[in-house]
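Report on one structure; see the data block that follows.
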Amino acid sequence: MRYWNSSEHGKASPKKPQWVDELQQKQPLNDMDTVVLAINSASAAQKYFERHDSFKQSSANIPIISMFCTFMWHILAMSLASLSTLFYIFIQFFHSFLNFESQSWVYSASAKAFSNTWINFRIRSCQILYWPIFLQDNDLRSQTSVECAEKVALHKHSLWSSLVVDILLGDLIGLALLFHAESVCSWVSNIASNLTNELLRSGSVWLMGVPAGFKLNIELAEVLGMISLNTIQIWSTLWIFVGSLFIYFIKGLAILAILFGVTIPAALVIDMIVIVTLHVSTLHWLISILYSQQLHALAALWRIFRGRKWNPLRQRLDSFDYTVKQHVVGSLLFTPLLLLLPTTSVFYIFFSIMNTAISLSCMFIEVIISVIHATPYIKIALRLIKPRRFPLGIWFEIIACHNNSSHSPWSAYIDRNSLPVDEAPRKEDIDRTVSSVLISILHSNYLSIGQMVLPHYRKAFSGVSRSYIATSVFGLLSGNKVASTLGATLPSTMPWLCIPYNEYWCLCRNSVLACMVDCNYYRCHDSRPPSFGLT
């Protein structure tokens, strides 16, 4: 072909430039990504129009079974729309009440005390309000692009799947709590009394004596111990009167789990643990202030002996000449503070352990809430049903290897005369090339469930790092404030939706009926012979 082209060009009178010959010698490179994207976009657009045409074609001759299924689908749509509208009315009434009372001090105090509950309630309210909007497919642009359609579909289905799983877990836990409310109430009361009597009271009395053989300052230990015992007694007396209402709290928690899912009651449990253990956190806060100030005073007095002074502007230690009076006063203050440090440290360690245990229990519940929100349930279901939707890579499986050195059919494709003399391969190279023929099959690897779920969990717990742990440890050792929450990332809330009740009911009904069109399309599409295309 190359010599023939050169002879044909030679007959022409004008001689072509050299860059034209070089351009003709280059092999054209096909942009496969553009080709695959065009084919997939055309296929997606064709599926979109077929989805709406299939419903019209199937309605021309509907059998009795299809008519019954359509009727039942309409009943389901009306039922879901009515149930969602009841939730919508309740949520709107509660939101209006909170807006009306937003200026009062009661609202401000309750918002701070029940901050976790309010955040999760806002997330669940937005999910209930926006589920019919996400369920509809009204974006033509997303349907004509495979990548956009895949992202929109996964986001849409992840919303309602998270909502359904959360409500199902809430129904299971709520029904269990509702039927065993009395036993749960007695069990929690026994645990609270044992913690108060066996740990707090006994621990405070133990620290007032000689704990583990350490000789403490008796006067300071008695003062700190009496303050702790009086605070524990006052708080226990207050909760004796509230304990009679605890059974109603358990039943309300169960009803809340049945109606709104398990995340809102779990957040309410976190807030209630913080409120119930307020005396422990208060004692820990007071003793931590005493402990940290004592450490800072000892560090400052030690710098006096060394002749150093802290420079807050340059953030460094500078040399300084102290007077004799300052050295005398520093030595007089340093000795008693150093001797009182073991007594303060023992009480601080005890209440730090108690407060850390309470914070860890709250963090554990917070992790459960974040895992429920962050788990991609629809991706896990699709991975179990259709693993081809989550490819990871390709590999070749070698089936056989044939050795045909002389009579190989591949030798027909190598023509030495079709190549120039300087580019023609030698006979030894051709024999080496055609001597081995490999037969292999192309396979594809798929993402595992762990590889698919791990990025979502990393995003949810992105705030937890080594610096967070190091800061917490340093805060415990130095007596500074330590964060009691992990700060996990929760789903973002959307603007509040406020439309008339009848429009919301119609919106919910139309969203469910739109799914019927998709089901009819896929049923008709599955009955056709399979077609092959690029994916």
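The values are calculated or read from the model by the stated rules, or taken from the named source; none is laboratory data. Predicted model only: the values in this text are computed from it and were never measured. Cβ atoms come from the backbone with ideal geometry, glycine included; neighbour counts cover every protein chain shown. What goes into the accessible areas is simple: the full protein's heavy atoms, side chains included, and nothing from ligands, DNA or RNA. Shrake-Rupley method; radii C 1.70, N 1.55, O 1.52, S 1.80 Å.
Check whether at least one residue in the stretch 96-110 is touching a residue at least 40 places away in the same chain (Cβ under 8 Å), open to solvent by less than 40 Å² (accessible area, probe 1.4 Å) and not polar (S, T, N, Q), and report yes or no. Break it down into steps so the answer makes sense when it comes.
We begin by selecting, within the stretch 96-110, every residue touching a residue at least 40 places away in the same chain (Cβ under 8 Å); these are none.
Checked against the condition, which is being touching a residue at least 40 places away in the same chain (Cβ under 8 Å), open to solvent by less than 40 Å² (accessible area, probe 1.4 Å) and not polar (S, T, N, Q), the stretch 96-110 yields no hits at all.
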So is Ser186 buried (at least 17 other Cβ atoms within 10 Å of the Cβ) and either out of contact with any helix residue (DSSP H, G or I) (no Cβ under 8 Å at 6 or more places or on another chain) or polar (S, T, N, Q) (or both) or not? no
Given the conditions (1) in contact (Cβ under 8 Å) with a residue 24 or more places away in the chain; (2) in contact with a Phe, Trp or Tyr (Cβ under 8 Å, 6 or more places away or on another chain), and given that Ser352 satisfies all but one, which numbered condition is not satisfied? (2)
Do we have any residue at all in the stretch 228-237 that's within 22 Å of Ser183 (Cα to Cα) and touching a residue at least 40 places away in the same chain (Cβ under 8 Å)? yes
Tally time: how many residues in the stretch 111-133 are open to solvent by 40 Å² or more (accessible area, probe 1.4 Å), closer than 16 Å to Ala266 by Cβ and touching a residue at least 40 places away in the same chain (Cβ under 8 Å)? 5
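Are any residues in the stretch 134-150 assigned to a helix (DSSP H, G or I) and either at pLDDT 70 or above or open to solvent by 40 Å² or more (accessible area, probe 1.4 Å) (or both), and if so, which ones? I'd like the intermediate steps shown before the answer.
Start the filter on the stretch 134-150 by keeping residues that are assigned to a helix (DSSP H, G or I), which leaves 134-135, 140-143, 146-150.
Within the stretch 134-150, Phe134, Leu135, Leu140, Arg141, Val146, Glu147, Cys148, Glu150 meet the criteria.
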Which condition breaks for Leu332 when tested against (1) modelled with pLDDT of 90 or more; (2) surrounded by fewer than 13 Cβ atoms within 10 Å (Cβ to Cβ)? (1)
Here are some conditions: (1) surrounded by 14 or more Cβ atoms within 10 Å (Cβ to Cβ); (2) over 30 Å from Val276 (Cβ atoms). Lys325 meets all but one. Which one does it not meet? (1)
For the condition at pLDDT 90 or above and over 30 Å from Thr335 (Cβ atoms), what is the one hit in Val262, Val242, Val223? Val262
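So that you can scan it fast, the table gives a plain yes or no per residue for (1) free of Cβ contacts under 8 Å to residues at least 40 places away in the same chain; (2) out of contact with any Phe, Trp or Tyr (no Cβ under 7 Å at 6 or more places or on another chain); (3) within 22 Å of Ala357 (Cβ to Cβ):
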position: His155; (1), (2), (3): yes, yes, no
position: Trp160; (1), (2), (3): yes, no, no
position: Ile167; (1), (2), (3): no, yes, no
position: Leu177; (1), (2), (3): no, yes, no
position: His180; (1), (2), (3): yes, yes, no
position: Leu199; (1), (2), (3): no, yes, yes
position: Gly203; (1), (2), (3): no, no, yes
position: Trp206; (1), (2), (3): yes, yes, yes
position: Glu222; (1), (2), (3): yes, yes, no
Subset of the stretch 259-276, residues open to solvent by 50 Å² or more (accessible area, probe 1.4 Å) and in contact with a Ser or Thr (Cβ under 8 Å, 6 or more places away or on another chain), comes to Val274
Helices (runs of 4 or more DSSP H) within the stretch 212-280 that include 2 or more residues of a type in the set (A, V, I, L, M, F, W, C) and more than 39 Å from the chain's Cα centre (by Cα): 218-242
So Pro342 passes all but one of these: (1) open to solvent by less than 30 Å² (accessible area, probe 1.4 Å); (2) modelled with pLDDT of 85 or more; (3) of a type outside the set (A, V, I, L, M). Which condition number does it fail? (1)
Looking at Gln315, Gln293, which one is modelled with pLDDT under 85 and out of contact with any Asp or Glu (no Cβ under 8 Å at 6 or more places or on another chain)? Gln315
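How many of the residues in the stretch 482-517 are more than 22 Å from His373 (Cβ to Cβ) and either touching a helix residue (DSSP H, G or I) at 6+ places or on another chain (Cβ under 6 Å) or in contact (Cβ under 8 Å) with a residue 12 or more places away in the chain (or both)?
Within the stretch 482-517, the first condition is being more than 22 Å from His373 (Cβ to Cβ), and the residues that meet it are 482, 498-517.
With the extra rule that they be either touching a helix residue (DSSP H, G or I) at 6+ places or on another chain (Cβ under 6 Å) or in contact (Cβ under 8 Å) with a residue 12 or more places away in the chain (or both), the set shrinks to 482, 498, 501, 504-517.
The qualifying residues number 17.
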Among the numbered criteria (1) in a helix (DSSP H, G or I); (2) surrounded by 16 or more Cβ atoms within 10 Å (Cβ to Cβ), which single criterion is violated by Ser202? (2)
For the stretch 425-535, list the helices (runs of 4 or more DSSP H) that sit wholly inside it and hold at least 3 residues that are open to solvent by 40 Å² or more (accessible area, probe 1.4 Å) and at pLDDT below 75; which are they? 427-434, 501-527
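Run down Ser189, Ser161 and say which single residue is at pLDDT below 90 and either among the charged types (D, E, K, R) or under 30 Å from Leu382 (Cα atoms) (or both). Can you show your working first?
On the way: Ser189 fails: either among the charged types (D, E, K, R) or under 30 Å from Leu382 (Cα atoms) (or both).
Within the list Ser189, Ser161, the selection yields Ser161.
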Residue check, Ser361 touching a residue at least 60 places away in the same chain (Cβ under 8 Å), at negative phi, surrounded by 15 or more Cβ atoms within 10 Å (Cβ to Cβ) and within 48 Å of the chain's Cα centre (by Cα): no
Of everything in the stretch 374-395, what is surrounded by fewer than 18 Cβ atoms within 10 Å (Cβ to Cβ), small (Gly, Ala, Ser) and either modelled with pLDDT of 85 or more or part of a helix (DSSP H, G or I) (or both)? Give them in sequence order. Ala381
Ile304 being open to solvent by less than 70 Å² (accessible area, probe 1.4 Å) and at pLDDT below 90: yes
